[in-house]
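Working notes, structure below.
The values are calculated or read from the model by the stated rules, or taken from the named source; none is laboratory data. These figures come from a predicted structure and were not determined experimentally. Quick reminder, even Gly has a Cβ in these numbers, built from the backbone with ideal geometry, and neighbours come from all protein chains shown. Heads up: the accessible areas ignore ligands, DNA and RNA and are worked out on the full protein's heavy atoms, side chains in. Shrake-Rupley method; radii C 1.70, N 1.55, O 1.52, S 1.80 Å.
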Amino acid sequence: MPHLRHISTFTKGRGPMSKAIRAFVVSACVAAFFVPAAQAATYVVPPDDKLVDATSVIVTGTVTHSFARYTREGEIETVFKIALDEILKGDVATREIELVQWGGKLDGVRMEASGAPKYAEGHRYLIFLATDRNGHLTTQHLTLGRFEFRGDLLVRDAGEIHGWDMRGRV
């Protein structure tokens, strides 16, 4: 009967397997409590030539002003006024555009989307534009469609990009 006693002990939570499971659960809970939440979007990252082909408007410009506002649905969006330097592809009727991104901070409330591009006043960007469901200009493919000028370099915010290329490579 030792075999039955072992099963009985296990089912009552006193067996060696029970201790291992209990230790795992406690460890997982501690790790979940102490490890900060990671925010990142996962993408299939297209080659830049595919991004260019898929985008109808590409511009360079400097953010001159930004403000947050509520949408009709009660969500927060941020409007970035961008003074255009160059229109590299497509048609834009004015030399200043309003770029609208979902999320922002307003009245002490913050809404954020993982993978959303970040813009800062006074910074110059290369932007791949799309039109959102409300007819506003927005960044194509979230942070994949925004490059910042840093000296002679164009830099993409790789900290927000986690994924693989079109061939399945990381």
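You will find that of Val79, Val100, Val92, Val59, the residue that is modelled with pLDDT of 80 or more, in contact with a His (Cβ under 7 Å, 6 or more places away or on another chain) and not in a helix (DSSP H, G or I) is Val100 and no other.
Pairing residues of the stretch 71-96 that are closer than 14 Å to Leu137 by Cα with residues that are of a type in the set (Gly, Ala, Ser) and not in a strand (DSSP E or B), at Cβ distances under 6 Å and at least 6 apart in sequence or on separate chains, gives Gly90/Ser56.
Taken over the stretch 52-68, the criterion of being open to solvent by 10 Å² or more (accessible area, probe 1.4 Å), under 20 Å from the mean Cα position of the chain (by Cα) and closer than 18 Å to Lys105 by Cα is satisfied by Ser66, Phe67, Ala68.
Among the residues of the stretch 97-127 satisfying the criterion of being closer than 13 Å to Ile82 by Cβ and among the hydrophobic types (A, V, I, L, M, F, W, C), which is surrounded by the fewest Cβ atoms within 10 Å (Cβ to Cβ)?
In this case the residue turns out to be Ala120.
Hey, could you check the stretch 110-127 for residues that are farther than 10 Å from Leu99 by Cβ and at pLDDT 95 or above and say which is farthest from the chain's Cα centre (by Cα)? If we take residues in the stretch 110-127 being farther than 10 Å from Leu99 by Cβ and at pLDDT 95 or above, then Gly122 is farthest from the chain's Cα centre (by Cα).
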